[in-house]
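Colleague: Quick one: structure below, then a few questions.
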Amino acid sequence: MSNVFRAEGLGKTYPGVRANDDVSFAVEAGEIHALLGENGAGKSTLVKMIYGLVRPDEGQMALLGAPYAPHDPRAARAAGVAMVFQHFSLFDAMTVAENVALGMENPPPQPELSRRIADLSQGYGLPLNPARRIAALSAGERQRVEILRCLLQNPRLLIMDEPTSVLTPQEAEILFATLRQLAEAGTAILYISHKLEEIRSHCDRATILRQGKVVGTVDPRAHSARELAAMMVGAEMRLVDRSGRKPAAPVLQVRGLSTAGGEGVALKEVALTLRSGEILGIGGVAGNGQEELLSALSGETPTAPGTIALEGRDLSRAGPEARRRAGLLAAPEDRLGHAAVPEFSLAENTLLTAGARQNLIRRGLIDRKAATDFAQQVIRAFDVRTPGPDTAAGALSGGNLQKFVIGREVLGRPRVLVVNQPTWGVDAGAAAAIRQALLDLAAQGAGLIVISQDLDELLELSDRFCALNQGRLSAPRPTEGLTIEEIGLMLGGAHGMEVAHVPA
Amino acid sequence: MMIDPLSVFILLLGAATPILFAALGELVVERAGVLNLGVEGMMITGALAGFAAAHASGSPALGFIAAAVAGAALSMTFAALTQFLLSNQVATGLALTLFGLGLTAMFGKPYEGMKAPAMMPGPLGLNWMIWLGIALVPVVWWFLSRTRPGLILRAVGENHDAAHGLGYPVRRVRILAIGFGGALAGMGGAYISIATVLQWTEGMTAGAGWIALAIVVFAQWNPWGVLAGAWLFGGVTVLQLRLQAAGVAVPVQLLSMAPYLATIIVLVLISARQKFGRSGGGAAPASLGRPFHALK
């Protein structure tokens, strides 16, 4: 029996939620085992139990044939379990070596540790300077720190929580080469993701979770992405309807748009033309100017005169409210705190952006009834699951709030709508509904700019595709016939990584 | 008008000591990610407890030990409120200061007019507390930058979610740091009553706790910077007293204001440098003042 890890009947209940219910599965030595499920399916709770962050209410785990019940992550690490977190658990103000030391039980003295980091990182083709501060590293480099921190402990079971969400396709390939190398050396790898294609091409087995329960353990190569998605969601996925769009006259002209960087990325000479009835997809790895582009278009960051024109009218110096009146609407990435005020009710949240276009404010006074009616309208049209318009925005689940935020703008009948990460952290059903709403809006003649890090989403939605790389926007390419590899190169390739060669 | 630099320096060391203690303690607290604005309250509590113990026992050393215990005990109220009940750290710290000032005003009445026992003299004519304060600077620096517990403490202050994710006891580390800060603040306060003024007066710390808080920012959370800040403040204090004594034609009120004014000017300069200069983001611990709650 070559089981490295086995779970038997694991269960965990939070107030009001059965997060895991009778979960049983096993991971074998040398395999890359995928844990697949929608947001909220219980993947995070499950791995937190394995890593000792959360204690199961019932069930047992076994590691290398022995009973395993870690009471904290240090016990898990001592037993041979290591984890790379989705949101990096790194300390920005500290050096690479200090960060690695914090993840080890008995780190050697700093000079010795630095040498081992340098050796190991070369061996896996993941170059890193141990003396650099985390704050100065790119997302891909930060992930290398996390991985090296795990590798230095020679783990028997390595847990990876959605590791490719911050990587370009090329960087992801290098990551998989590293993982394969580790698996061949006998490490069991538990790989958490909801990206079906990468699981199909790189994982040996997949355990699928739905609503806290195991649906089954399958060979992902033997199933199509659609079949896997159906198992994940529990129903056939509805295909989005792309028909009925006819790109017509230009509605939005952006020319020579540059911003001062400040804390973020500076936009450099961004130019684009958006036609009515068209969806322009903008892809890029996180932190390459996406947020800055959205703020420049929404009016939060004023730009030089003559850079942004809506149907011939220069809006470069106009603020967000003036742009909304003119018909240029935007939905930012951050739902809580940017697109919506968590403590405000949904009705109050409609006032933030729809006040003028829906006549919710008259002579400086709020028309509460109109606001409530409009919120109700959004809730109905976008199937937002909530008790009603008086519910606080922060009480909604991510997917429902996202439907509300997008719906608020879509019902505002924009001439141009700019959205950033419209389906980030949203379950598959809600994501499909949001995508369909965006397509329908374009079919009605609006121009859309969709900024996203989900390349499949961009290929599905957009007519033309641009890449945003370090504040520069590439020339648009028609989406028809564009491959993921070509997009990867447009996104800036592998950012100085090399393919793994020899094991250390 | 003659001001002898050496005698000014010796006096400066004394004037700087209460702030040095309190600021070093607060530095450790803040590096663990906790903002305790109750330094003034813990100092005044230490000043009274230390004075009472020293007076009763005739031993200044016992006085300082009592002050450390009293300061740490008061800080545990803050720890309980902010770490277990997750109260707002700013409001709780302010309350702690008001609480300490009120409590000592009440219990200090019987001690008014009494005299403190003589301080323990140390090498070079400076008392042992001055030496201890200076010695603590490299010790705190070494602890924070060279030891594993220090690394864990900084990790907790930098990113408490990540520290928790790696299995470090965020709350326990913070409670220990708060207690250490309370003990040092108490000793700093006791220095004022036992070694400087030699008696107990209501409200005698006179804002030293707030200066200590400012000096931690001035020091950019670095122990050596705290030493420089405490000496700078001590120097201005001594200098203005000397100028007053020398009868300089400047209103006394302006001179008394000088140390506080100097602190404000320095803080403004540092903020300006951070905002417009090359140094970019400040050195403040990233989790400073943020409450931590782990879902189990």
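Colleague: Between A:Ala29 and A:Asp334, what length in nm is gained on full extension when 0.36 nm per residue of separation is reduced by their alpha carbon distance? Walk me through the numbers before you get to the answer.
Modeller: Details: separation 305, 0.36 × 305 = 109.80 nm, distance 3.97 nm.
Value of the extension gain: 105.8 nm.
Colleague: At 7 Å along Cα-to-Cβ for each site, give me the label-to-label distance between A:Thr483 and B:Gln253 in nm.
Modeller: 8.2 nm
Colleague: Angle check, please: helix A:110-123 long axis (alpha carbons) against the longest principal axis of chain A (alpha carbons), in degrees 0 to 90, nearest 10.
Modeller: Computed tilt is about 80 degrees.
Colleague: Going by amide H atoms built from the backbone, whose H comes under 5 Å of the H on A:Ala34, apart from near neighbours?
Modeller: The answer is A:Tyr191, A:Asp204, A:Arg205, A:Ala206, A:Thr207.
Colleague: At the nearest 100 Å², what buried accessible area, both sides summed, do you get for B and A when the probe is 1.4 Å?
Modeller: Working: alone 13720 and 21280 Å², together 33300 Å².
Using a 1.4 Å probe on protein heavy atoms, the buried area is about 1700 Å².
Colleague: Residue-wise, which Karplus ³J(HN,Hα) couplings in Hz belong to region A:306-317, taking 6.51 cos²θ - 1.76 cosθ + 1.60, θ = phi - 60°, and x for glycine or proline?
Modeller: Karplus-based 3J(HN,Hα) across region A:306-317 equals x, 8, 10, 10, 9, 6, x, 9, 6, 10, 4, 9 Hz.
Colleague: How about B:Lys115: which aspartates and glutamates have a C-alpha closer than 18 Å to its C-alpha, ignoring those fewer than 8 places off in the same chain?
Modeller: Filter leaves B:Glu202.
Colleague: Taking R0 as 25 Å, what FRET efficiency do you get between B:Ala73 and B:Ala118 from their Cβ-Cβ distance, rounded to the nearest 0.05?
Modeller: Values: r = 27 Å, r/R0 = 1.08.
Using R0 = 25 Å, I get an efficiency of 0.40.
Colleague: Moving on. Using a Förster distance of 56 Å, how high is the FRET efficiency between A:Met104 and A:Asp390, based on the Cβ-Cβ distance and rounded to 0.05?
Modeller: Working: r = 50 Å, r/R0 = 0.90.
After rounding to 0.05, the efficiency reads 0.65.
Colleague: Not counting ligands, DNA or RNA, and with a 1.4 Å probe, what is B:Asp161's accessible surface area in Å² rounded to the nearest 10?
Modeller: About 90 Å², ignoring ligands and nucleic acids.
Colleague: Would you mind computing Rg(Cα) / (2.2 N^0.38 Å) for region A:3-233, counting N as its residues? If you can, show how the numbers build up before the last one.
Modeller: On the way: Rg = 17.3 Å, N = 231, 2.2 N^0.38 = 17.4 Å.
So the Cα radius of gyration is 0.99 times the expected 2.2 N^0.38 Å.
Colleague: May I pose another question? For B:Leu6 and A:Arg313, what does the FRET efficiency come to when R0 = 56 Å and r is the distance between their Cβ atoms, rounded to the nearest 0.05? Show your work: numbers first, answer last.
Modeller: Details: r = 74 Å, r/R0 = 1.33.
So the FRET efficiency works out to roughly 0.15.
Colleague: Something else now. Mean Kyte-Doolittle hydropathy of -1.0 or higher plus an axial Cα length of 18 Å or more: which whole DSSP H helices in chain B meet both?
Modeller: On the way: long enough: B:5-31 (35 Å, 1.63); B:39-57 (26 Å, 1.08); B:60-79 (28 Å, 1.71); B:89-107 (26 Å, 1.54); B:128-146 (26 Å, 1.51); B:170-190 (30 Å, 1.00); B:223-245 (33 Å, 0.98); B:252-276 (36 Å, 1.38).
Passing helices, by number: B:5-31, B:39-57, B:60-79, B:89-107, B:128-146, B:170-190, B:223-245, B:252-276.
Colleague: Here's something else I'd like to know. What's the angle, to the nearest 10 degrees (0 to 90), between helix A:428-443's Cα axis and the longest principal axis of chain A?
Modeller: With both axes taken from Cα atoms, the answer is about 30 degrees.
Colleague: Would you mind checking A:Lys48/A:Lys403; A:Lys195/A:Lys403; A:Lys43/A:Lys195; A:Lys369/A:Lys403 for any pair whose Cα atoms are more than 24 angstrom apart?
Modeller: Values: A:Lys48/A:Lys403 29 Å; A:Lys195/A:Lys403 21 Å; A:Lys43/A:Lys195 14 Å; A:Lys369/A:Lys403 22 Å.
Exceeds cut-off: A:Lys48/A:Lys403.
Colleague: How far is helix A:368-381 tilted off the main Cα axis of chain A, in degrees rounded to 10, range 0 to 90?
Modeller: Rounded to the nearest ten degrees, it is 60.
Colleague: Name the residues of region A:45-89 whose accessible area falls by at least 40 Å² when all protein chains are present instead of the chain alone, probe 1.4 Å?
Modeller: So the qualifying set is A:Leu53, A:Arg74.
Colleague: Counting only the heavy atoms of the protein chains, how much of A:Arg226 is accessible to a 1.4 Å probe, in Å² to the nearest 10?
Modeller: 120 Å²
Colleague: Percent antiparallel among DSSP beta bridges with both residues in the protein assembly as shown, to the nearest 5? Walk me through the numbers on the way to the answer.
Modeller: Numbers: 40 of 78 bridges.
If we restrict to bridges inside the protein assembly as shown, about 50 percent are antiparallel.
Colleague: Peptides A:119-130, A:153-164: what's the order by average Cβ count within 10 Å, highest mean first?
Modeller: On the way: A:119-130: 17.8, A:153-164: 20.6.
Descending mean neighbour count gives A:153-164, A:119-130.
Colleague: Can you give me the solvent accessible area of A:Arg413 with a 1.4 Å probe, rounded to the nearest 10 Å²?
Modeller: Roughly 140 Å² of A:Arg413 is accessible to a 1.4 Å probe.
Colleague: Then there's this: At 1.4 Å probe size, with the rest of the protein present, what percent of the exposed accessible area of chain A is carbon and sulfur atoms?
Modeller: On the way: 10380 of 20460 Å².
Exposed carbon and sulfur together represent 51 percent of the surface.
Colleague: Oh, and also: Ignoring everything except DSSP H segments at least 4 long, calculate the 222 nm mean residue ellipticity for chain A; use -39,500 (n - 2.57) per segment, divide by total residues, nearest 500.
Modeller: Working: 16 runs with 163 residues, N = 504.
Taking each H run of at least 4 residues, the total per residue is -9500 deg cm²/dmol.
The values are calculated or read from the model by the stated rules, or taken from the named source; none is laboratory data. None of these values were measured; they are calculated from a predicted model. A quick note on method: Cβ atoms are made from the backbone with ideal geometry, for glycine too, and the neighbour counts reach across all protein chains shown. Surface accessibility is based on the protein's heavy atoms, side chains included, excluding ligands, DNA and RNA. Shrake-Rupley method; radii C 1.70, N 1.55, O 1.52, S 1.80 Å.
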